[in-house]
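Worksheet for the structure shown next.
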Amino acid sequence: MDIIKQLQWRYATKKFDASKTLTPAKLNTLKEAFNLTATSFGLQTLNLVIVKNKTLRESLLPHSYNQPQVVNASHLLVICIQENIEDSDVIDYYNNIKTIRNTPESILNPYREQLQGMMQKKTVEQRQSWSKNQAYIALGNLMTVCAIENIDACPMEGFIPEQYDQILKLGEKGLKSVLILPVGYRADDDMFSTLKKVRKSINQTVIEI
């Protein structure tokens, strides 16, 4: 597959075909891609909430500035961060490394203590900001995988997180929504799908030293 061709094919889909849905296999690919996204230290302080229920999505529409993609897409992906990063998160992470890799405690302890110390020095707001930066990495990764899989997507910051959190009951899970990504298949009459992609020349955006 020509990855550049696929990236030229993708665009921020404005109109989805509401009659088309992702297969379980396609959806599973997106789940796996999200889970394999690079995160700082590998700590994975992100969660992906997949909303298929259209009635629920209709209740989110007014809090998405009435952007129809939220309802008409096959699924709505909501990228969330943890409300807080606890000491137990770091401990569980290194316990998982020990289990999977059979790494000795003597090797893991210094790294565990370093990460615990770093997190303890951050305020809750700083921890959330740290996680939010990584949410954008997950978004970019999902968009690239969507392009490879011929899945249309529309990355969006235009929504009211507090309302999403309330409707999806994210607070009960210790989560906060930060980004949304409707995914599915473009409508045949979406005029934006045929427009030429507008980008600066590579010479303007890439500096070789």
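The values are calculated or read from the model by the stated rules, or taken from the named source; none is laboratory data. Source: prediction; values computed, not measured. A quick note on method: Cβ atoms are made from the backbone with ideal geometry, for glycine too, and the neighbour counts reach across all protein chains shown. The area values use the complete protein model at the heavy-atom level, side chains included, leaving out ligands, DNA and RNA. Shrake-Rupley method; radii C 1.70, N 1.55, O 1.52, S 1.80 Å.
In the assembled protein chains, MET191 presents an accessible area of approximately 120 Å² (probe radius 1.4 Å). Three semi-axes describe the equivalent ellipsoid of the chain; taken as square roots of 5 times the Cα gyration tensor eigenvalues and ordered largest first, they are 33, 22, 17 Å. Only Cα pairs under 8 Å and 6+ residues apart enter the sum, and on that basis the relative contact order of the chain stands at 36 percent. The listed residues THR45, THR99, THR23, once ranked by accessible area (1.4 Å probe) with the largest placed first, stand as THR99, THR23, THR45. Using a Gaussian network model on the chain with a 10 Å cutoff between Cα atoms, which of GLU83, GLU113, GLU162 fluctuates the most? Evaluated over the chain, the most mobile residue of the options is GLU113.
Sequence-distant contacts, meaning Cα pairs under 8 Å at least 6 residues apart, place the relative contact order of the stretch 26-129 at 25 percent.
When ranked by the protection proxy of mean other Cβ atoms within 10 Å per residue, highest first, what sequence do the peptides 33-39, 46-52 form?
On the way: 33-39: 15.0, 46-52: 17.3.
Result, highest mean first: 46-52, 33-39.
Distance from the C-alpha centroid of the stretch 47-124 to that of the stretch 160-196: 17 Å, rounded to the whole angstrom.
Which order do LYS169, LYS200 take by accessible area at a 1.4 Å probe, largest first? Before the final figure, lay out the partial values.
On the way: LYS169 115, LYS200 145 Å².
These residues rank, largest area first, as LYS200, LYS169.
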